[in-house]
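Student: Mind looking over this structure? Questions follow.
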Amino acid sequence: MDLTKRQQEIFDFIRKYSAKYGYPPTVRDIGKAVGLASSSTVHAHLANLEKLGLLRRDPSKPRAIELLDRAVGTAVDYAKLTPPGTLYPLADADGVRAHQIDLQFADLIAAHKRGIALGVVVGGGNVLRGAQISENGLSRPTADSMGMLATVMNALVLEAAIERAGVSARTMSALAMPQVCETYERQRALRHLDDKRIIVFAGGTGNPYFTTDTTAILRSAEMGCDAVFKATDVDGVYTADPKKDPKATRYDRLSHQEALEKNLKIMDATAFALARENHMPIIVFSIREQGAIETVLRGKGHFTVVG
């Protein structure tokens, strides 16, 4: 089903708003979110979406907008996104920020409602980075341990946000701290996925010198996931840094071998080697775009598949 750009913006906003607050937005909320000053224009777009069978309205009530089941669609075939599901790292060059969590957890809820089993690997770079603070006199193992503790704090914030949206979630840490969260154990994690919970993996691998990229690949292999979603600042893998080179072009698809031969920095070497060994597809997309996760799940938008 093809929607216009504006229709897609309105539909995505209604879905995210409803997932976040538990009730639909008003016409004024919709207009403000998508940049439409005229309420009649918003009503016209809603009428078109209703004709397409994507929503149902009650004109006598200001918030009576119901998204219909057929709007969910079908997951994109190439990733085989069926349970036990997908796993992607929320950690990027800027770490996990509070405003990003509010944006992203709505995407997680939407993906979860599509029947996708989800595991999330969080970083701690917004609190501290072990590799960096080790340059200030601390040993690398000590600094990395501090970084792993930072990921647990971020994981608890994300778990709470998901739970507020009415979806069950569990933080599982590679570092044992039973008073705070569950300790990671593979069989227990698999049971959580079977019980339709979103797992937030924290504490990295539990060992120094390993990044959250490595954790994402490791946990996805252990969980039997079909793909790793890598959230970045750009919408895929490019021939060069698109922020520096205006002529850089985005790859739609690459094999692991092609990425190595072209020396493309998709993940750190340890993580990428593990992904290649386990034939794990890596889907690189931009987390800066609202609705990015579900857009990728529908096979829309911009992203690169590696593998």
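Student: Report, to one decimal in Å, the Kirkwood hydrodynamic radius for region 77-306 based on all distinct Cα pairs.
Tutor: 17.6 Å
Student: Using the Cα centre as the reference, give the magnitude of the dipole from point charges on the C-beta atoms of region 77-306 (Lys, Arg: +1; Asp, Glu: -1; all else neutral), rounded to the nearest 20 debye.
Tutor: Magnitude of the dipole: close to 260 debye.
Student: Using a cut-off of 13 Å between beta-carbons, work out the net charge of the residues near THR295 (Lys and Arg +1, Asp and Glu -1, THR295 not included).
Tutor: +1
Taken together, the values in this text are just the output of simple stated rules run on the coordinates, not laboratory data. Bear in mind the structure is a predicted one, so any value in this text is a computation, not a measurement. No Cβ is skipped: glycine too gets one built from the backbone with ideal geometry, and neighbour counts run over all protein chains shown.
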